[in-house]
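Below is one structure, written out as structure tokens; the observations come after it.
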Amino acid sequence: MSAATRPRGPLDPRLLRHARPARAGIAAIGAVEVVAAGLLLTQAFALTDLVVALWRGTAASGALALLAGAVGGRVLTSWAAARLSQRTATAVRRDLHEQVLARVLRLGPAWVERFGRARASAVLTQGLPALDGWFTRYLPALVPGALLPPVVLLLLARLDLRSALTVALTLPLVPVFAVLLGRAAQARADRQWHVQRTLSAHFLDTVRGLPTLRAHRRAQRQVAAVAAVTDASRRATMSVLRVAFLSSTALDLVGTLSTGLVAVTAGMRLAGGTLDLRTALLVILLTPEAYRPLREVGARFHDSADATAVIDDVDEVLTAPVPPVAAGTAAGVRLRGVRVRRDHGGDGGGAGGDVLDGVDLDVAPGELHALAGESGAGKTTLARVAAGVLVPDGGSVEHTLDGLLHLPQRPSFPHAGTVAQAVRAGRTATDEEVRAALDLAAAPDLALDTALGEDAAGLSAGQRQRVALARTFLTARTGTGTLVLDEPTAHLDPAAEAVVVAALRALAHERGWAVLVVAHRPALLAAADRTTTLTRPAAPPASPAMAPSPAPARPGSGAARPGAVADLAGASRGPRRGAGALAVLAGVAAVLAAATLTAAATWLIVRAADRPPVLTLSVAAVVVRASATARPLLVYAERLLSHDTAFARLARWRSDVVAALIPRLPGPLSRRRSGRSGELLVQLVEDVDARVDGLLRFRHPVTVTVTALVLALAAAAAVDVRSALAALPAVAVVVLAAPALAARAERRDRAHRTEVGALAAATVETLDAVEDLRTLGSADPLATVRRRVSALARAETRRARAAAATAALTALGTGGAVLALALVAGLTAPAGGPGVAWVAAVVLAGLTVADAARGLPDAARARERAREARRRSEALLATPPAAVEPSAPRAPGPPRDLVLSVRGLRAGWGEDCLRGLDLDLRRGEVVAVRGASGSGKSTLAAVLQRFLDPRAGRVLLDGVEVTGLAGDDVRAVVGRVADDEHVFATTLRENLLLAAPGAGDEALTAALHRVRLDDWSAALPRGLDTRLGDGGEPMSGGERRRLAMARALLADVRVLVLDEPSEGLDEETGTRLLGDLLDARGEQAVLLLAHRAEGVDRADRVLDLVDGALTGVPTLTRSV
């Protein structure tokens, strides 16, 4: 929703509309705040009667009793408000989380790709928690903000019409300033949320792509990149806060100046005999209450602005139309005239032409139907249309809704911690049924309790594919229907492929399933009953506006680039040195200015009742005006300086975390559940933010409050030492007991932080698996997320109870301090005379100082959260990297004919899968290594690239032990085309420049031509500057693989490891592409890790990897 169409006013009705489960809680919050407002007015009357009694020398027992009742009532309302607001926020967030995620599943993977997975993740993991501020801070402030000002104005009108007129003339300025500055703050909040969302997406993309960045020696640049992006976020946040703080400062200034004017005027009229003491005291006590609620609303407006910016995204999800579901009465699939437009990651749509144009397809029950064609011809797109996960732009689709199963090209395994859980996928099945499905998928060797990390980390590509097939076969164990599989035999060795092909034929011919497969491999194509071959639609001629731009990327776009962002980092400017100390000084001065304003106004009124000479009151009048002006300005300075100082720490701390992650990915961290991207995102964002909170919400406010309290107590002792001593127990409750209770509750509830990370991980995995979850047949695809949400809600219920108890104890301490001062004054104050004015000033100033201490429990919580965040960071750093960088790296050796020499290698991510392996690789030589899925081919590549250290044996690179070399020095010689190469959500240019940062457009275009991506790139709307979506969307699997090859060519390494290079390509394209690469390699040595035949016949030697060792007689097919 745009700012122009967004609802106006202080209350966004969409938040109430989405808060249906908590409407009773919202009503209860309003009722409690009404009672609290009444108690606040009661307290003002009680304090007035107390001071009047002291001045007259009469008994003050009635006033003290009334004050004690008001204090007790405020303790109860503080408890109720804290508990209700937190419970309401939890209920709303819980409901919205489920609503949004369920809607995303209904909208489907195509919609998620357009919206952006990272953006959806940011909304759910960071956006919804931002709504807490609206319910726990803004809404409780809004009720008295709407109620108290008119009530106070009516009371003032009954007491003193002249004072009421002053307030009535200035009070409208408050909403005027609020509207004018609020609009600017909202616009900046929108931009800040966009920056925050981009930051979250950048972090998630960076974490997922760290192995690719390390492979191309660009990972260390991400330390500076994260610092630069975080600093950009700091500047965006500060731009919002400057306007938001300016808004509250303007409101505060209007209020304090009006209060000072009323106080001085009332004092002079009292001295002149036209006003009585009780009325004058009530006026100066009630006048601030007309402005204070509005000031608090203004101070909390950024919570409302943040919530409004988030609810825009939430509304976009919840109001998006669900794509129509195509249905038919006949079994199988029937497609007619299907047309699908190409979507280039949001860079503009139609210019790229059609992926499919007028395609017809029939798949009958009992038929195994294959889709063939060159890479990028639209096979995956047509399969997704047939499976019902993609709605075409034209044509008709008919298929049965029951029994429709889909195995996507890159299957995911949401919430699976073991092989058995991955195969079951949330469904009920016995171990025997799971084993039977694994047998059909040629995976009888996989143990059911094999632990999996994120996205089945811990399994090889072939094992991962077989687990996905077993999951599909388990679903198809009963009944019949339609089965759509995208390259089901990818990554499988010939023996496993034969087993899977036989299982697919049995499903079609014996069980009557309509089976549609996307196929490149000859064995699967030969087994098909019918084959439909797709060709690329003709690309429209590129217009001049669409032609590739030779200009480099805009400097401003560097914030989210995976590559160089040094320009942005260098341009960032943090706060000045000493800003933290200045913030503390400004904070202490602001508290004392507020206390001085109250004390001076009280002294002025009480002294004026004795009718002294006007000159006696003039100094107090000057002090009132000066403190009324100074306090808002000091608060503004304190807020800006403290926030800017704290946010400046983010850049360093977040970059430190990324630096710690770099040597640990890939590695054990990614192969356990605690290393999942969702939890790492929390580590990068939430935990570092908690450490910043330790500065912003603990160190700074505690220093300010304690310093101000000490100075205030010293001033009180100077007037009456008994008053200071009497207030000490209550001050101890506020300063020690309430923060200790809050800290204890925070320490006992560390499960809350764990549940936050677990929910983030489950949410990210669910978003990544939208395509899988659509057809898995799980009774409740959101069951895991729902359990995590419930667990988090239970943890937050405990937090709400603790927060309520802390709020009550804080109210008891602050109210008790005022009550103690009042009791001492009532019992010991002199009857009449100048001394009464000083005693009254101490009592009412104590009310102001006590209110300043209300934030100490929150400070204690922030301190515990910061400690926990530090503990988590240390635990992260305690995870040993799989490859340890040497403390004093050796210099690489001079190039040799024998580039690589491996002897007696033992290595593995868990147990050793390489056991006594020997290998020599010479300059210009091509060696092919074959092996079954899971035999250790990818592990060998990881060792050669210095991602994994050997447990035994030696690996020599140009005669130097690789464990003595820096990892980047090894990877400068040994490059790799991995089976899981990451494509970043940035431009095609930046994805290529990872491998060669200084390459020009001619080199980039030449690399694309060599991997046969030149036609594809020429059809992109902005050429090299076309932005790709999450995971390279909308590239096909073969196009992603060729992009990885283009990177490897640009890297120009001396040893190139090709890990299943032709996977995802048709046989002809794979053969020609590998032939071109090998013919043009020059003196480059190539290690080919393969299941398929493409390129193996071009090898100088063919070796088999069996039982962790290489065997086989060298087969010379050509001279070296």
> Hey, what number do you get for the chain at 222 nm if only DSSP H runs of n ≥ 4 count, each worth -39500 (n - 2.57), divided across all residues, to the nearest 500?
Replying inline: -19000 deg cm²/dmol
>> Can you find, among 408, 440, 472, the residue sitting farthest towards the positive end of the charge dipole of segment 384-479, where Lys and Arg contribute +1 and Asp and Glu -1 at Cβ?
In response: 408
> In terms of modelled amide H atoms, which long-range or inter-chain residues lie less than 5 Å from the amide H of residue 404?
Replying inline: 482
> Can you give the net charge of the other residues whose Cβ lies under 13 Å from the Cβ of residue 17, counting K and R as +1 and D and E as -1?
Replying inline: 0
> Going toward the positive end of the dipole of segment 898-1111, with +1 on Lys and Arg Cβ and -1 on Asp and Glu Cβ, which of 1045, 1011, 898 do you reach last?
Replying inline: 898
> Under the Karplus relation 6.51 cos²θ - 1.76 cosθ + 1.60, θ = phi - 60°, what is the ordered set of whole-Hz ³J(HN,Hα) values for segment 72-80, x standing for Gly and Pro?
Replying inline: x, x, 5, 4, 5, 5, 5, 4, 5
> Using alpha carbons only, how many degrees (0 to 90, rounded to 10) separate the axis of helix 431-440 from the longest principal axis of the chain?
Replying inline: 40 degrees
>> Report the gain in length on full extension from residue 890 to residue 1081: 0.36 nm times residue separation, minus Cα-Cα distance, nm rounded to one decimal.
In response: 65.9 nm
> Taking amide H positions as placed 1.01 Å from N in the peptide plane, with prolines and chain starts having none, which residues 5 or more places from residue 1109, or on another chain, fall under 5 Å of its amide H?
Replying inline: 915
> Quick one: which of 377-389, 894-906 comes out on top by average Cβ neighbours within 10 Å, and what's the full order, highest first?
Replying inline: 377-389, 894-906
>> At 7 Å along Cα-to-Cβ for each site, give me the label-to-label distance between residue 56 and residue 751 in nm.
In response: 5.8 nm
> Is the chain rounded, prolate or oblate when judged by the Cα gyration tensor, a ≥ b ≥ c being the square roots of its eigenvalues, rounded requiring a/c under 1.5 and prolate requiring a/b larger than b/c?
Replying inline: prolate
> How long is the gain from residue 530 to residue 610 if the chain were fully straight, where each residue apart is worth 0.36 nm and the alpha carbon distance is subtracted?
Replying inline: 18.0 nm
> In the P(r) worked out for segment 354-538, what percent of Cα pairs fall beyond 27 Å?
Replying inline: 25 percent
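Could you calculate the FRET efficiency of residue 339 with residue 1097 from 1/(1 + (r/R0)^6), where r is the beta carbon distance between them and R0 is 30 Å, rounded to 0.05?
On the way: r = 40 Å, r/R0 = 1.34.
The pair residue 339/residue 1097 has a calculated efficiency of 0.15.
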>> In whole Å, what are the extents of segment 898-1111 along the principal axes defined by its C-alpha atoms, from largest to smallest?
In response: 52, 36, 33
> Over what distance in Å are the Cα centres of segment 37-95 and segment 620-649 separated?
Replying inline: 28 Å
> Which cross-chain or sequence-distant (5 or more) residues have an amide H under 5 Å from the amide H of residue 1103, H modelled 1.01 Å from N in plane?
Replying inline: 928, 929, 930
> Between residue 445 and residue 906, what is the label-to-label distance in nm when each label sits 7 Å out along the Cα-to-Cβ direction?
Replying inline: 2.0 nm
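Where does each of 597-605, 987-995, 443-451, 217-225 land if you order them by average Cβ count within 10 Å, highest first?
597-605, 987-995, 217-225, 443-451
If you restrict to DSSP beta bridges whose two residues both lie in segment 898-1111, what percentage is antiparallel, to the nearest 5?
Of those bridges, close to 50 percent are antiparallel.
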> Rounded to the nearest 5, what % of the DSSP beta bridges within segment 354-538 are antiparallel ones?
Replying inline: 5 percent
> Could you give me the ³J(HN,Hα) list for segment 290-296, computed from phi with Karplus coefficients 6.51, -1.76, 1.60 and θ = phi - 60°, whole Hz, x at Gly and Pro?
Replying inline: 6, 9, 4, x, 5, 4, 5
> If you take the charge dipole of the chain about its Cα centre, with +1 on Lys and Arg Cβ and -1 on Asp and Glu Cβ, which of 594, 856, 999 is farthest toward its positive end?
Replying inline: 594
>> To check you understand DSSP bridge types, tell me what percent of the beta bridges within the chain (both residues inside) are antiparallel, rounded to 5.
In response: 45 percent
> Quick one: length gained pulling residue 23 to residue 626 fully straight, 0.36 nm per residue minus the C-alpha distance?
Replying inline: 212.6 nm
> If packing is taken as the mean number of other Cβ atoms within 10 Å per residue, what is the order of 467-476, 976-985, highest first?
Replying inline: 467-476, 976-985
> Based on the Kirkwood radius over alpha-carbon pairs, what is the Stokes-Einstein translational diffusion coefficient of segment 352-445 at 25 °C with 0.890 mPa s viscosity, in µm²/s?
Replying inline: 151 µm²/s
> At residue 1001 and residue 652, where each label point lies 7 Å from the Cα along Cα→Cβ, what is the point-to-point distance in nanometres?
Replying inline: 4.2 nm
> Which FRET efficiency, nearest 0.05, do residue 102 and residue 791 yield, Cβ-Cβ r, R0 22 Å?
Replying inline: 0.75
> What Kirkwood hydrodynamic radius do you get for segment 394-497 when you take the inverse of the mean 1/r over all pairs of distinct Cα atoms, in Å?
Replying inline: 14.1 Å
>> Counting only other residues whose beta carbon sits under 14 Å from that of residue 595, what net charge do I get with K and R as +1, D and E as -1?
In response: 0
> Which whole-Hz couplings ³J(HN,Hα) result when phi for each residue of segment 958-967 is put into the Karplus expression 6.51 cos²θ - 1.76 cosθ + 1.60, θ = phi - 60°, listed in order with x for Gly and Pro?
Replying inline: 6, x, 10, 4, 5, 5, x, 9, 5, x
>> Can you pull out the trypsin sites (Lys or Arg not before Pro) in segment 926-967 whose DSSP state is coil and whose Cβ has at most 16 other Cβ atoms within 10 Å?
In response: 951
> Shape of segment 250-339 from its Cα gyration tensor (a ≥ b ≥ c, root eigenvalues): rounded if a/c is under 1.5, otherwise prolate when a/b > b/c, or oblate?
Replying inline: prolate
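Every read-out reported here was derived from the displayed coordinates using simple, explicitly stated rules and does not represent laboratory data. As the structure is a computational prediction, the values presented were derived from the model and not from experiment. In this analysis, Cβ positions are derived from the backbone assuming ideal geometry, glycine residues included, and neighbour counts consider all displayed protein chains.
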